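Comments concern the structure below.
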Amino acid sequence: MADEQRLLSVQHLCTSFFTDNGEVHAVNDVSFDLDKGKILGIVGESGSGKSVTAYTVMQILADTAKVRSGHIFFRGEDLLTWPERKMRAFRGKRCSIIFQDPMTSLNPVFTIGYQLCEAIRLHTDRKGDEVKARAIEMLRLVGINDPDKRLKQYPFEHSGGMRQRVMIAMALACEPDILIADEPTTALDVTIQAQILELMQDLQKQLGMAIILVTHDLGVIAEMCDEIIVLYGGRVCERGTADEIFYNPCHEYTKGLLRSIPSVSTMYERLVPISGTPINMLNLPKGCAFCTRCDEAMQICIESVPDELVINENHKAACWCNVRDRKAKEASAE
């Protein structure tokens with residue numbers, strides 16, 4: 001991909017939280033690229049580091065967090081070196097975020113119109129009537145009827161789906177280059193989930209922006225993402241196109257996630273959960289983060305962190321099982 005198409009390049013990012021009990025290694029050596037007009041999915045269970053990765057990009061981490069190493073290049077500039085004033089301009093205008101729970105993201109004591117217009121005034125050159133006109137335009141764009149009336153209402157007067165649409169309108173009002181959606185459908189029922197995801201896809205095509213979709217549900221992003229990275233224990237387990245991840249999974253954790261997705265073909269079968277319990281992020285294993293829950297674990301999995309192995313030009317996986325299988329295949333070919 002040509003350099004002018006590359007919006008974001010995260011390289012060897014490590015982010016930790018420092019607590020009374022010790023250092024929590026939330027993000028460990030995470031790297032990925034995001035190009036203009038593309039959708040990247042970041043998948044993993046709770047505690048895998050996916051949201052912390054997104055918040056590190058936005059530089060909205062808690063006071064106890066610190067970026068220990070790595071780089072985040074936006075159009076060739078490392079935003080980790082930017083002063084706070086420059087980062088404030090980046091947030092909203094260049095990169096916006098939709099948080100998981102719209103009820104806690106919207107201020108309950110201010111109207112929808114006040115909050116939406118405030119974002120437009122802060123991050124654009126619009127003034128006066130132009131601000132309100134833009135707010136109405138965005139509410140209409142995300143499918144909210146009677147936007148003049150909605151501007152005067154408070155968050156509690158809207159359903160969960162409507163509040164999430166307001167959050168999307170607020171995020172897109174400044175026409176950002178990148179939209180980060182942090183589990184935007186978790187608090188919604190299945191029907192509304194589908195509507196919100198379809199809306200995001202339509203807006204992405206209309207506006208040409210790039211999207212980072214953070215989720216724990218592989219099923220949500222099956223048909224949305226150009227590329228998917230799977231995180232576990234703050235590390236990248238596997239990365240590739242959606243077709244490669246779904247039809248040729250090569251990491252045991254990815255395989256476990258896919259086995260846990262219910263489908264019509266398995267409606268009369270018992271789902272197979274991933275065995276064991278999530279790892280203690282205060283005390284990460286010496287080797288592969290998933291080794292304590294993996295049925296295929298070997299001694300080397302316990303002792304050493306695997307490097308990413310190239311499966312093909314669109315697919316990589318960090319799993320010792322792939323190294324073993326490749327060596328066995330080469331030996332049998334000889």
Name every residue in the range 294-334 that is part of a helix (DSSP H, G or I), modelled with pLDDT of 90 or more and under 26 Å from D243 (Cβ atoms), in order of residue number.
W320
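Matching residues to (1) under 18 Å from the mean Cα position of the chain (by Cα); (2) in contact (Cβ under 8 Å) with a residue 40 or more places away in the chain; (3) open to solvent by 20 Å² or more (accessible area, probe 1.4 Å):
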{"residue": "L8", "(1), (2), (3)": "yes, yes, no"}
{"residue": "T15", "(1), (2), (3)": "yes, yes, no"}
{"residue": "G47", "(1), (2), (3)": "yes, yes, yes"}
{"residue": "I60", "(1), (2), (3)": "yes, no, yes"}
When M298 is run through (1) of a type outside the set (V, I, T); (2) under 26 Å from the mean Cα position of the chain (by Cα); (3) surrounded by 15 or more Cβ atoms within 10 Å (Cβ to Cβ), the failure sits at (2)
Which ranges mark the strands (runs of 3 or more DSSP E) fully within the range 134-253 that have 1 or more residues being out of contact with any His (no Cβ under 9 Å at 6 or more places or on another chain) and acidic (D, E)?
178-182, 227-232
From the list I98, I112, I72, I120, which one is crowded, with 17+ Cβ neighbours inside 10 Å, under 22 Å from V236 (Cα atoms) and either out of contact with any Asp or Glu (no Cβ under 6 Å at 6 or more places or on another chain) or among the β-branched types (V, I, T) (or both)?
I72
Looking at R150, R235 in this structure, which one is open to solvent by 10 Å² or more (accessible area, probe 1.4 Å) and under 22 Å from G49 (Cβ atoms)?
R235
Considering the range 301-334, residues that are under 19 Å from G276 (Cβ atoms) and in contact with a helix residue (DSSP H, G or I) (Cβ under 7 Å, 6 or more places away or on another chain), and then whichever is most open to solvent (accessible area, probe 1.4 Å), we arrive at I302
Condition first: more than 22 Å from D182 (Cα to Cα), open to solvent by less than 60 Å² (accessible area, probe 1.4 Å) and part of a helix (DSSP H, G or I). Now tell me which residues in the range 123-132 satisfy that.
V131
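The values are calculated or read from the model by the stated rules, or taken from the named source; none is laboratory data. If you're wondering where the values come from, they're calculated on a predicted model, not measured in any experiment. FYI the Cβ positions are ideal-geometry reconstructions off the backbone, even for glycines, and counts take in every protein chain you see. Quick note on the areas: whole protein, heavy atoms, side chains included, nothing else; ligands and nucleic acids left out. Shrake-Rupley method; radii C 1.70, N 1.55, O 1.52, S 1.80 Å.
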